[in-house]
Amino acid sequence: MRFIGQIGAAWGAVGVFAILLFAMYRLSQRAVAAYDGGLSPGQWFVTAVLCVAMAYSEGYRGFQLSFSPSTAARIRYLRDRPDTVRSLLAPLVAVGYLHATRKKKIRSYSLSLGIVVLVVLVQRVSQPWRGIIDASVVVGLGWGVLSLGASIARALSQATCDTPPEVPLPPS
């Protein structure tokens, strides 16, 4: 059974990383297209401001302080409490869509819905502004990927995990 837990944890981590890296790849292509035509000094200034803002808000506050430790705790939970079904669905469990407290599910689904709405809105923005926004999101996602890796390494290597996995309590 321990093997199932290790596979589940690995699949959960790989699945979450794959989603984040794929988003970075797709967004970076659009960002590069914005810079092909050249930017005005004002547009470069906006790029710098947005990149710093996204590094702080998305990368540091969103990922490093919240998403990454929570996801890492849930990956540790997958490893330490092996279950075949949870292991098969590990990426969904890791981000809190499945086998989570009601509060965690609401946060996870709300965050995803918010991201979808923002993606739809940004798709309506013309270049180079869309690429500038996409570049800043790539900065935030890059910070997120790094913080997720560090959080997972910490959660799996330490004797205890400071962040609760926010899973339902077993029936008494």
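Bear in mind that the values in this text are calculations on the coordinates, not laboratory data. Since this is a predicted model, take the numbers as computed values, not measurements. In this analysis, Cβ positions are derived from the backbone assuming ideal geometry, glycine residues included, and neighbour counts consider all displayed protein chains.
Just to be sure I understand: with springs between alpha-carbon atoms less than 10 Å apart, which residue in TRP129, TRP143, TRP44 has the highest mean-square fluctuation in the Gaussian network model of the chain?
Of TRP129, TRP143, TRP44, the Gaussian network model singles out TRP44 as fluctuating most.
For THR163, what residues show an amide H to amide H distance below 5 Å, using hydrogens built from the backbone and excluding near sequence neighbours?
Result for THR163 returns nothing.
Quick check for me: using +1 on Lys/Arg Cβ and -1 on Asp/Glu Cβ, what's the dipole size of the chain about its Cα centre, in debye to the nearest 20?
480
With 10 angstrom as the radius, rank ARG76, ARG154, ARG102 by how many other C-beta atoms surround their C-beta, starting from the fewest.
Listed from fewest to most nearby Cβ atoms, that is ARG102, ARG154, ARG76.
Given the convex hull of the Cα atoms of the chain, what is a quarter of its surface area in nm²?
10.7
Using just the helices of the chain, give the 222 nm mean residue ellipticity in deg cm²/dmol: DSSP H runs with n ≥ 4 each add -39,500 (n - 2.57), and the total is spread over all residues, rounded to 500.
The helix contribution divided over the chain gives -24000 deg cm²/dmol.
Please list 3J(HN,Hα) in residue order for segment 20-25, calculated via the Karplus relation 6.51 cos²θ - 1.76 cosθ + 1.60 where θ = phi - 60°; whole Hz, with x for glycine and proline.
5, 5, 5, 4, 4, 4
Determine the shape class of segment 9-59: with a ≥ b ≥ c the square roots of the Cα gyration tensor eigenvalues, call it rounded for a/c under 1.5, and otherwise prolate if a/b is greater than b/c, oblate otherwise.
It comes out oblate by the Cα gyration axes.
For the chain, what relative contact order do you get, as a whole percent, if you take Cα pairs closer than 8 Å and at least 6 residues apart?
Value for the chain: 44 percent.
Between PHE45, PHE63, PHE17, where does the largest GNM mean-square fluctuation fall for the chain, given springs only between Cα atoms within less than 10 Å?
PHE45
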